[in-house]
């Protein structure tokens with residue numbers, strides 16, 4: 001797959017009014033949703049496209065109640081920069097999977113809450129003799 005860095009380039013623009021901002025936000029949202037199958041394939045993600053689309057929607061919904069036009073413009077710029085980096089394959093899988101910490105099969109649950117608890121758990125497991133094996 002050939003990567004053309006300028007393929008997704010857009011000129012930065014300011015919204016003149018709320019209707020234009022809404023149009024731009026919906027356009028960005030649709031762009032992300034349409035790209036979900038390709039993102040799944042490119043980054044070899046171990047989850048269905050529907051889960052990826054749901055997470056994309058959650059990211060847009062998180063900013064739903066922004067009420068300053070200039071902030072919406074900055075968020076749109078950041079969204080497009082993220083989209084360009086993602087679609088040009090300038091990220092690694094772990095960068096994409098960071099958005100899916102709850103669903104991540106390598107989630108934070110495998111890590112101990114502190115160093116000392118993890119150390120003590122491993123030490124306790126190592127001190128137990130293996131069943132049926134006695135070293136002489």
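The values are calculated or read from the model by the stated rules, or taken from the named source; none is laboratory data. What you see is a predicted model, and the numbers here were worked out from it, not measured in a lab. Here Cβ is always computed from backbone atoms with ideal geometry, including for glycine, and neighbour counts include all displayed protein chains.
Values for this structure:
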{"item": "Some residue of the range 95-104 being surrounded by 12 or more Cβ atoms within 10 Å (Cβ to Cβ), assigned to a loop (DSSP other than H, G, I, E, B) and at pLDDT 95 or above", "result": "no"}
{"item": "Residue 20 being modelled with pLDDT under 95 and either surrounded by 10 or more Cβ atoms within 10 Å (Cβ to Cβ) or not in a loop (DSSP other than H, G, I, E, B) (or both)", "result": "no"}
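Yes or no, residue by residue, for (1) assigned to a helix (DSSP H, G or I); (2) touching a helix residue (DSSP H, G or I) at 6+ places or on another chain (Cβ under 8 Å); (3) touching a residue at least 12 places away in the same chain (Cβ under 8 Å):
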| residue | (1), (2), (3) |
| --- | --- |
| 45 | no, yes, yes |
| 53 | yes, yes, yes |
| 60 | yes, yes, yes |
| 65 | no, no, no |
